[in-house]
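Peer 1: First the structure, which I've put down as structure tokens, then a few questions once you've had a look.
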Amino acid sequence: MIRYVFAAIAGIGCVCLGYMKSRALIMREAALAAWLHALETLAAQISYSDDGIADILSASVSEETEAERNLAAVFREASANMKCSKLATLAESLPREWSQNLTAQDKAILLPIINRIGSSERYQQLRELEGAKQALAAQTQAAASRTAREKRLYSTLGTLGGLALFLFLIG
């Protein structure tokens, strides 16, 4: 009897691992889309607003999806940090969880703009934002195609692996 319980637990664990991996792909795609939308809004705000970067940050993300709500919270915290310390840059003000759900390649695209936003001339910021938006759009498109391709794969592999492990352990 214990063997069946252990086999079931191990099988369910495999299923959960597969679904967790597919969820991570979905969350990365959503995070990239949220960052892309935020950069687009940020570029528009920098172009047409005379507000400081701290004020622009707090208004640059909509909160329609979970990823956008997470990014909005990050930007609100960064904005508050920048308002407290007037000489703080965006890179210094962002909380640690700014890169949640992003890969090293995604961070490599965002870090240059994060390090320069608010610390350079307006037109230079807009040029850098445009370059980051293009790179991030390509990264978002690649993530979407990878998610579409691999989401079902990980879910199926987790389920089949769990079933195979269950059968192996009870047999």
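Peer 1: If you check Ile56 against the conditions, is it farther than 30 Å from Lys151 by Cα, crowded, with 19+ Cβ neighbours inside 10 Å and in contact (Cβ under 8 Å) with a residue 40 or more places away in the chain?
Peer 2: Spelling it out, it is not the case that Ile56 is farther than 30 Å from Lys151 by Cα, crowded, with 19+ Cβ neighbours inside 10 Å and in contact (Cβ under 8 Å) with a residue 40 or more places away in the chain.
Peer 1: Going by what's in this entry, would Arg127 be described as of a type in the set (Lys, Arg) and in contact (Cβ under 8 Å) with a residue 24 or more places away in the chain?
Peer 2: Against the criterion (of a type in the set (Lys, Arg) and in contact (Cβ under 8 Å) with a residue 24 or more places away in the chain), Arg127 does not qualify.
Peer 1: Among the candidates Ala132, Ala138, which residue alone is in contact with a Leu (Cβ under 8 Å, 6 or more places away or on another chain), small (Gly, Ala, Ser) and at pLDDT 90 or above? Quick ask: steps written out before the conclusion?
Peer 2: Numbers: Ala138 fails: in contact with a Leu (Cβ under 8 Å, 6 or more places away or on another chain).
Of Ala132, Ala138, the one residue that is in contact with a Leu (Cβ under 8 Å, 6 or more places away or on another chain), small (Gly, Ala, Ser) and at pLDDT 90 or above is Ala132.
Peer 1: Report every pair of residues separated by at least 6 positions or lying on different chains whose Cβ atoms are under 7 Å apart, first residue within the stretch 140-159 and of a type in the set (Lys, Arg), second assigned to a helix (DSSP H, G or I).
Peer 2: Arg146/Leu25; Lys151/Ser22; Lys151/Leu25; Lys151/Ile26
Peer 1: How many residues are part of a helix (DSSP H, G or I) and surrounded by 13 or more Cβ atoms within 10 Å (Cβ to Cβ) when one looks only at the stretch 100-126? Walk me through it before giving the result.
Peer 2: Kept after step one, since they are part of a helix (DSSP H, G or I), are these residues of the stretch 100-126: 104-116, 122-126.
Still in the list and also surrounded by 13 or more Cβ atoms within 10 Å (Cβ to Cβ): 106, 109-116, 125-126.
Qualifying residue count, the stretch 100-126: 11.
Peer 1: Quick check on Ser85: is it hydroxyl-bearing (Ser, Thr, Tyr), more than 20 Å from Ser22 (Cβ to Cβ) and surrounded by 13 or more Cβ atoms within 10 Å (Cβ to Cβ)? Spell out how you get there, then give the answer.
Peer 2: Working: hydroxyl-bearing (Ser, Thr, Tyr): yes; more than 20 Å from Ser22 (Cβ to Cβ): yes; surrounded by 13 or more Cβ atoms within 10 Å (Cβ to Cβ): no.
So Ser85 does not fit the description; no.
The values are calculated or read from the model by the stated rules, or taken from the named source; none is laboratory data. All of these numbers come straight from a predicted model, not from anything done at the bench. Note that each Cβ is placed from the backbone with ideal geometry, even for glycine, and that neighbours are counted across all protein chains shown.
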